[in-house]
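Bear in mind that the values in this text are calculations on the coordinates, not laboratory data. Just so you know, these numbers come straight off a predicted model, no measurement behind them. FYI the Cβ positions are ideal-geometry reconstructions off the backbone, even for glycines, and counts take in every protein chain you see.
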Amino acid sequence: MNKALKFWNERRIQLKENLEQNRLPCCVAIPESKFIENVGGIIRTANAFLIKEIVLDHGVYNKAATAGTAKWENIEITQDVFGYVKEQGYKSVALEQHPRSVPIWDFEFPDNTAIFIGHEVHGMNDEMVEKCDYVIEIPQFGLVESLNVATATSIALYEYSRQHRK
Ligand SMILES: C[S@@+](CC[C@H](N)C(=O)[O-])C[C@H]1O[C@@H](n2cnc3c(N)ncnc32)[C@H](O)[C@@H]1O
């Protein structure tokens, strides 16, 4: 291996190690997703707040929307997103508009949280929501009934980060 390549490989390893040390004990869990742009945007946000991992039902996402962050992130692809989250010992929090939801501003995120988000069109079904330990929602006041899924994820990760990065 030539010197320059060796230097950049070492730098990359060092940078990744630094990121790993600063990650929050939190993951975004995506059991169903439709639009690859949204998944890309969520990976970018996950990098901004430096969470532990993103757990996905499939590995297809829009690379441009990730702004080059995907190679630095821990992306777990599994058919059984709920099973993986349980196995890792996360507390599961459904981010969903649901009769059981509490407003995000009244919620204290536990350590080691998995934030579950729903499908862009039909959201999370009741069966999925019932599998989660907590259900939270972002209060809205305007005409639209829901937020874009990547936007909602950004707000939730911001709040997790605000509470846990003190
Ligand atoms: C566009 S919404 C799904 C559609 C919506 N549930 C419906 O049936 O009209 C996509 C996902 O974004 C998240 N989401 C959007 N707005 C939200 C809010 N105000 N509070 C919590 N989650 C929200 C949820 O995870 C939801 O499943």
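What does the net charge come to around Val28 if you take all other residues with beta carbon closer than 15 Å to its beta carbon, with K and R at +1 and D and E at -1?
Neighbourhood net charge equals -4.
Among the lysines in the chain, how many pairs, 8 or more places apart or on different chains, have alpha carbons under 21 Å apart?
16
Treat the count of other C-beta atoms within 10 Å as a stand-in for reagent exposure and order Val121, Val135 from fewest to most.
Val121, Val135
Could you pull out every residue, at least 5 positions away or on a different chain, whose amide H is within less than 5 Å of the one on Ile51? Hs are placed 1.01 Å off N in the peptide plane, and Pro or chain starts have none.
For Ile51, whose amide H was placed from the backbone, the distant partners under 5 Å are Leu24.
Using +1 on the beta carbon of Lys and Arg, -1 on that of Asp and Glu, and nothing else charged, what's the dipole of the chain about the Cα centre, debye to 20?
So the magnitude is around 1120 debye.
Once you have the Kirkwood Rh of the range 102-166 from its Cα pairs, apply Stokes-Einstein at 20 °C and 1.002 mPa s and quote D in µm²/s.
Taking Rh from Cα pairs, D becomes 166 µm²/s.
For Arg12 and Gln88, calculate 0.36 nm times their separation in residues minus their Cα-Cα distance, and state this gained length in nm to one decimal.
Full extension from Arg12 to Gln88 adds 24.7 nm.
Pairs of alpha-carbon atoms within less than 8 angstrom and 6+ residues apart define the contacts here; what relative contact order does the chain have, in percent?
Relative contact order of the chain: 25 percent.
By DSSP, what percent of the beta bridges with both residues in the chain are antiparallel, rounded to the nearest 5?
The antiparallel fraction comes to roughly 5 percent.
What does the charge count around Val121 come to, taking other residues whose C-beta lies under 13 Å from its C-beta (Lys +1, Arg +1, Asp -1, Glu -1)?
Its environment carries a net charge of -2.
Take each of the peptides 47-54, 143-150, average the number of other beta-carbon atoms within 10 Å over its residues, and list them starting from the highest.
Top to bottom by mean Cβ count within 10 Å: 47-54, 143-150.
What does the extension gain come out to for Leu143 and Asp106, with contour length at 0.36 nm per residue minus their alpha carbon separation?
Working it through step by step, the gained length comes to 11.0 nm.
Give me the orientation-averaged projected area of the Cα convex hull of the chain, in nm², one decimal.
The Cα convex hull of the chain, projected and averaged over all directions, gives 11.0 nm².
Subtract the Cα-Cα distance of Glu37 and Lys71 from 0.36 nm times their separation in residues, and report this length gain in nm to one decimal.
My answer for the length gained is 10.6 nm.
Put a dot 7 Å past each Cα toward the Cβ at Lys63 and Glu127; how far apart are the dots in nm?
Placing both labels 7 Å beyond Cα along the Cβ direction yields 3.6 nm.
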